[in-house]
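Reading through the structure tokens given below for one structure.
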Amino acid sequence: SRDKRAQVPWAFTKLLRSEYDWDFHVEAEAAVNQQEVYLCRGKALGGSSVTNVMLYHRGSPADYDAWEEAGARGWGAKDVLPYYLRVEDYGDGASQYHAVGGHVSVQEVPYQNQLSATFLRAMGQLGFRPNGDFNDWSSPQEGYGRYKVTQRAGRRCTAADGYLAAARERANLVVVTGAQATRLALDSAYEGAGR
């Protein structure tokens with residue numbers, strides 16, 4: 001989107017319940033005291049990557065391994081990590097748990113306000129474990145620290161920025177905005193390609 005609210009990271013709250021949001025609600029249920037819960041879902045090129053908080057966190061490798069143990073073959077941590085690495089363009093360079101050259105820009109939050117810095121110092125003074133990278137699966141996920149974000153040069157990096165921009169010139173791509181898809185039809189050649 002060319003709208004500054006969708007580009008400038010601090011403006012993401014201006015996107016909530018806007019023309020860029022489907023404004024969904026989860027049905028009332030006992031787990032949330034019979035309340036409906038608002039669920040922001042992006043209504044723009046890039047989907048919810050246009051409206052989310054840009055937090056880049058893969059989760060715990062133990063969760064993926066538990067899914068695999070429960071029967072989700074191919075969803076173990078060792079199986080999904082290569083896919084995370086393939087999409088990532090990590091601002092601090094490649095390592096065992098980060099990669100460069102992918103379509104999604106991942107970096108440290110480029111700013112830190114004084115209250116956040118004070119809070120992090122207090123966590124250390126209270127004896128909590130610092131975690132410099134929640135996506136580094138070689139150490140426990142527990143601890144305090146700053147998260148990585150999907151930003152590039154001070155702007156939100158959406159799925160459209162990362163993937164669509166790279167594919168725009170393809171002859172087989174037509175982008176239609178202001179329309180809502182009601183179905184998806186794949187031809188048999190595509191279905192057989194294993195994609």
Here, E108 and K4, labelled 7 Å along Cα→Cβ, have an inter-label distance in nm of 2.8 nm
Among A44, A99, A62, the residue with the largest mean-square fluctuation in a Gaussian network model of the chain built from Cα contacts under 10 Å is A62
Filtering trypsin sites (Lys or Arg not before Pro) in region 38-91 by DSSP loop and by at most 14 other Cβ atoms within 10 Å leaves R41, R73
Semi-axes (Å, rounded, descending) of the ellipsoid equivalent to region 1-157 per its C-alpha gyration tensor are 26, 22, 20
For region 84-195, averaging the sequence separation of alpha carbon pairs under 8 Å that lie six or more residues apart and dividing by its residue count, the contact order in percent is 21 percent
Square roots of five times the C-alpha gyration tensor eigenvalues of region 28-85, ordered largest first and given in whole Å, equal 27, 20, 10
Candidate cut points under chymotrypsin sites (Phe, Trp or Tyr not before Pro) in region 96-195, DSSP loop plus at most 11 other Cβ atoms within 10 Å of their own Cβ, are Y111
As straight-line cross-link partners of K14, the qualifying aspartates and glutamates (C-alpha separation under 17 Å, not fewer than 8 residues apart within one chain) are D3, D23
Expressed as a whole-number percentage, the relative contact order of the chain with C-alpha contacts under 8 angstrom and at least six residues apart is 19 percent
Most fluctuating of D136, D65, D161 in the GNM of the chain (C-alpha, under 10 Å) is D65
Sparse-neighbourhood loop hits (GluC sites (Glu not before Pro), region 7-60; DSSP loop; Cβ within 10 Å at most 16 others) -> E19
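Read-outs: derived from the displayed coordinates by stated rules, not from any lab. None of the values given here were measured: they were computed from a predicted structure. With ideal geometry, Cβ positions are generated from the backbone for all residues, glycine too; neighbour counts draw on all protein chains shown.
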